[in-house]
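Undergrad: What follows is a single structure, and I will ask about it in a moment.
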Amino acid sequence: MAPDAILVLSTCPDEQTAARIARDLVADGLAACVNRIASVRSTYWWQERIDDEPEVLLIIKTLSSRYLDVEMRLRSLHPYEVPEIIALPILAGSETYLSWLRAAIR
């Protein structure tokens, strides 16, 4: 079990923004790794209408103890008025990987 490890999901408007945010989170020790998944299509309700836009999904691997720092940093770097910031627990995983993740977070 790995209740201290979490995934934080966030979408970005383009690859340049996603790469900048990913690099910043890892460089500052807030995330051990950030995956960028391009070509995500999001359909959502915003300002009284349905929007449908391409986005880049960030999958941020961090620790629950750093969640608030990650959220604050995402809010400061993100161009969206209301960025998606959702945390999910990692319930289990390779202990070797999870040990590396814990060691990478500062």
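Undergrad: Would you mind telling me which residue in Glu81, Glu15, Glu55 has the biggest mean-square fluctuation in a Gaussian network model of the chain, where springs connect alpha carbons within a distance under 10 angstrom?
TA: Glu81
Undergrad: For Ser42 and Ser65, FRET efficiency with R0 = 30 Å and r from the beta-carbon atoms, rounded to 0.05? Don't jump to the answer; show the numbers that get you there.
TA: Values: r = 29 Å, r/R0 = 0.98.
Rounded to the nearest 0.05, the efficiency is 0.55.
Undergrad: To continue, here is another question. Would you tally the net charge around Asp28, using a Cβ to Cβ cut-off of less than 15 Å, leaving Asp28 out, and scoring K and R as +1, D and E as -1? Mind showing how you got there, number by number?
TA: Working: positive: Arg20, Arg23, Lys61, Arg66, Arg73, Arg75, Arg106; negative: Asp24, Asp69, Glu71.
So the environment of Asp28 carries a net charge of +4.
Undergrad: Want the number for Thr96 to Gln16: 0.36 nm per residue separation, take away the alpha-carbon distance, what's left? Could the numbers behind the result be given before it?
TA: Details: separation 80, 0.36 × 80 = 28.80 nm, distance 3.13 nm.
Stretched fully, the Thr96-Gln16 segment lengthens by 25.7 nm.
Undergrad: Nearest 500 deg cm²/dmol is fine: what mean residue ellipticity at 222 nm does the chain get from its DSSP H runs of n ≥ 4 alone, each adding -39,500 (n - 2.57), divided by its residue count?
TA: Numbers: 3 runs with 34 residues, N = 106.
It comes out at -10000 deg cm²/dmol, rounded to the nearest 500.
Undergrad: List the residues, sorted by chain then number, that are 5 or more residues from Ile6 or on another chain and whose placed amide H is less than 5 Å from its amide H.
TA: Thr62, Leu63, Ser64, Ile90
Undergrad: How big is the charge dipole of the chain about its Cα centre, in debye rounded to the nearest 20, if each Lys and Arg gets +1 on its Cβ and each Asp and Glu gets -1 on its Cβ?
TA: On the way: 11 positive and 15 negative charges, 93 e Å.
It works out to roughly 440 debye.
Undergrad: Would you mind putting 26-35, 94-103 in packing order, based on average other-beta-carbon counts within 10 Å, highest first? Please list the in-between numbers first.
TA: Details: 26-35: 17.1, 94-103: 13.2.
Ranking, from highest mean packing down: 26-35, 94-103.
Undergrad: State the answer as a single residue: which of Tyr44, Pro89, Val26 lies farthest towards the positive end of the charge dipole of the chain, with beta carbon charges of +1 for Lys and Arg and -1 for Asp and Glu, about the Cα centre.
TA: Val26
Undergrad: Once you list every other residue whose beta carbon is under 14 Å from the beta carbon of Arg75, what net charge do they have if Lys and Arg are +1 and Asp and Glu are -1? Please report the intermediate quantities before stating the final value.
TA: Numbers: positive: Arg73; negative: Asp24, Asp69, Glu71, Glu81, Glu84.
Within the 14 Å Cβ shell, the charges total -4.
Undergrad: Moving to a separate point now. Distances over 15 Å make up what percent of all Cα-Cα pairs in the range 5-104? Intermediate results must be reported in sequence, preceding the final value.
TA: Working: 3021 of 4950 pairs.
Cα-Cα pairs in the range 5-104 separated by more than 15 Å: 61 percent.
Every number here is computed from the coordinates shown, using simple stated rules; none is lab data. Nothing here was measured: the structure is a model prediction, and the numbers come from that model. When we count neighbours, we look across all protein chains shown, and the Cβ atoms used for this are built from the backbone with ideal geometry, even at glycine.
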